[in-house]
Amino acid sequence: MKNKVQLITYVDRLSGGDIADLKALLCEPSSPLAGLFGGVHLLPFFYPIDGADAGFDPIDHTQVDPRLGNWSDLKDLGECMDVMGDVIVNHVSSASPQFQDWLANGSASAHAGMFLTMATVFPSGASEAQLLQLYRPRPGLPFTGMTHGSGEKSLVWTTFTPQQIDIDVHHRNGKAYLQGILDCYAQSGVTSIRLDAVGYAIKRAGTSSFMLPETFDFIAEFAAEARAKGMEVLVEVHSYYQRQIEIAAKVDWVYDFALPPLVLHALNFGKASALKAWIGMRPQNAITVLDTHDGIGIIDIGADATDREHRPGLVPPAELDALVECIHNNSGGQSRLATGAVASNLDLYQVNCTFYDALARDDEAYLAARAIQFFLPGVPQVYYVGLLAGENDMDLLASTRVGRDINRHRYGRDEITEAAQRPVVQRLMDLIRLRNSHPAFDGQFECLSCGENELRLRWRNASHVAELRVDLAAKRHRLECTPQALAMAEKDLQ
């Protein structure tokens, strides 16, 4: 994976069109976004992109949605920049042909065994205590009653929604299904994959069925298969921060999901202690993000839900509650309308808001946050709405009543051109170019000693130096770089 900033985007929501249009936006010299990114993570582009969970409930994971193009178009994009795609390892759509065939024919189906039921995991039945032990990202039990063509009924495992049917990843049919996805990606020039919802992929009676030791084994096995086909693996798990450190030791890349709330905590409360503590222990093979297609994770810096007394969070509970309220206040209450049970949210442990609104649309605070992200070890990814310092889309939220849509705006080409001319976006693009080009970022990193309301991060590579100083109380940053990037740094400070 290139040591350059990457973009996270939906194909149609940024380009306003298909894969070919996105390639033109990111690669044609006349485009305002040309040459900015070393790679692009394409959010679900397989069929369909507009299901029950915005593409994360694939009917056919091996088909590009025809509205976006085909595998050849994806390969063309890959000739311009590295491409990352999602592998939805935990589930498939209830409308998929495999599930529909099993529903109609039961054990006689060619796909029998591919889908998890309650009986698969609890063949002798489950006690109340065992059921209450199960972990899922929303209230209630992870089962949905289904009736087969024969009239027989099954309690199908549905971790997320009744439209997302969990796969038995250890059954030969489940394995064959996932291998087919890897083969499509490898043949189409995809260089990296993101394992979506992998924390829930392994279920075992008598456990929480979330991030078990067997889950780590599955991740390691699947990652080895992907690497054998020429692809690196990024693991996506929202959980207690120590688990991220454990995961990082076993995979190519892991998200630094603790970073977004910690940066907001540091800037909104003017103190660096929690962020500095995390910098001292965080994994180095991290993909750094401030925003994604999901919400801002709170669970990632809180106490372990399974043992709050002995496994505290990076931020005390009272400060964590205050941070959530601060985001709601900064957004003028908009994030409150999109968060929790009020807006059909799958993940009740996230705050839905653009990162720009979470910082009260303060340009200087926003650029300081991005500078912190870019200076930490790892590969930075910038979400398409964040790239354009996008504001909460309340019209889309009102239309869909899906909380995360507040941060999933649909941009037209003219709107992109206009947004790219805003000073805050121009300065962010300069920061991206600095991060991509300065030799210091191929050297050694250190977090320097400073006061409680300050942060100093430095990269040094022989005579090349890039240093970031952030005044957290004032929410302002300053860059000091060796001559190769002085002009860019000076422009950023204007």
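The values are calculated or read from the model by the stated rules, or taken from the named source; none is laboratory data. Since we're looking at a predicted model, the values are computed, not measured. All Cβ positions, glycine included, derive from the backbone under ideal geometry; neighbour counts span all protein chains shown.
Observations on the structure shown:
- Any hit, the stretch 16-26, residues being crowded, with 23+ Cβ neighbours inside 10 Å, touching a residue at least 12 places away in the same chain (Cβ under 8 Å), within 21 Å of the chain's Cα centre (by Cα) and closer than 26 Å to Leu431 by Cα: yes
- Residue within the stretch 129-142 that is charged (D, E, K, R) and modelled with pLDDT under 95 present: yes
- Residue match in the stretch 433-446 (condition: surrounded by fewer than 17 Cβ atoms within 10 Å (Cβ to Cβ), within 23 Å of Ala371 (Cβ to Cβ), of a type in the set (Ser, Thr, Tyr) and assigned by TED's automatic domain parsing to the domain that holds Ile372): yes
- Matching option when the condition is over 21 Å from the mean Cα position of the chain (by Cα) and surrounded by fewer than 24 Cβ atoms within 10 Å (Cβ to Cβ), among His293, His310: His310
- Among residues of the stretch 473-485, those that are part of a strand (DSSP E or B) and closer than 17 Å to Ile432 by Cα, counted: 5
- Restricted to the stretch 378-414, and to residues there that are in contact with an Asp or Glu (Cβ under 7 Å, 6 or more places away or on another chain) and among the small types (Gly, Ala, Ser), the residue that is farthest from Thr288 (Cα to Cα) is Gly386.
- Considered as a group, the residues in the stretch 240-267 that are closer than 12 Å to Met211 by Cβ and out of contact with any strand residue (DSSP E or B) (no Cβ under 9 Å at 6 or more places or on another chain) include one that is surrounded by the most Cβ atoms within 10 Å (Cβ to Cβ), and that residue is Tyr240.
- Residue check for Pro44: crowded, with 22+ Cβ neighbours inside 10 Å and either among the hydroxyl-bearing types (Ser, Thr, Tyr) or assigned to a loop (DSSP other than H, G, I, E, B) (or both): yes
- From the list Val198, Val169, the one residue that fits, being surrounded by 22 or more Cβ atoms within 10 Å (Cβ to Cβ) and within 24 Å of the chain's Cα centre (by Cα), is Val198.
- Residue in the stretch 324-331 that is surrounded by 22 or more Cβ atoms within 10 Å (Cβ to Cβ) and under 28 Å from Arg456 (Cβ atoms) present: yes
- Of the strands (runs of 3 or more DSSP E) lying entirely inside the stretch 126-168, those carrying at least 1 residues that are hydrophobic (A, V, I, L, M, F, W, C) and out of contact with any helix residue (DSSP H, G or I) (no Cβ under 7 Å at 6 or more places or on another chain) are 153-157.
- Out of Leu103, Leu77, one residue alone is modelled with pLDDT of 95 or more and either in a loop (DSSP other than H, G, I, E, B) or not assigned by TED's automatic domain parsing to the domain that holds Leu182 (or both). It is Leu103.
- Residues of the stretch 447-477 that turn out to be at positive phi and crowded, with 19+ Cβ neighbours inside 10 Å, as a count: 1
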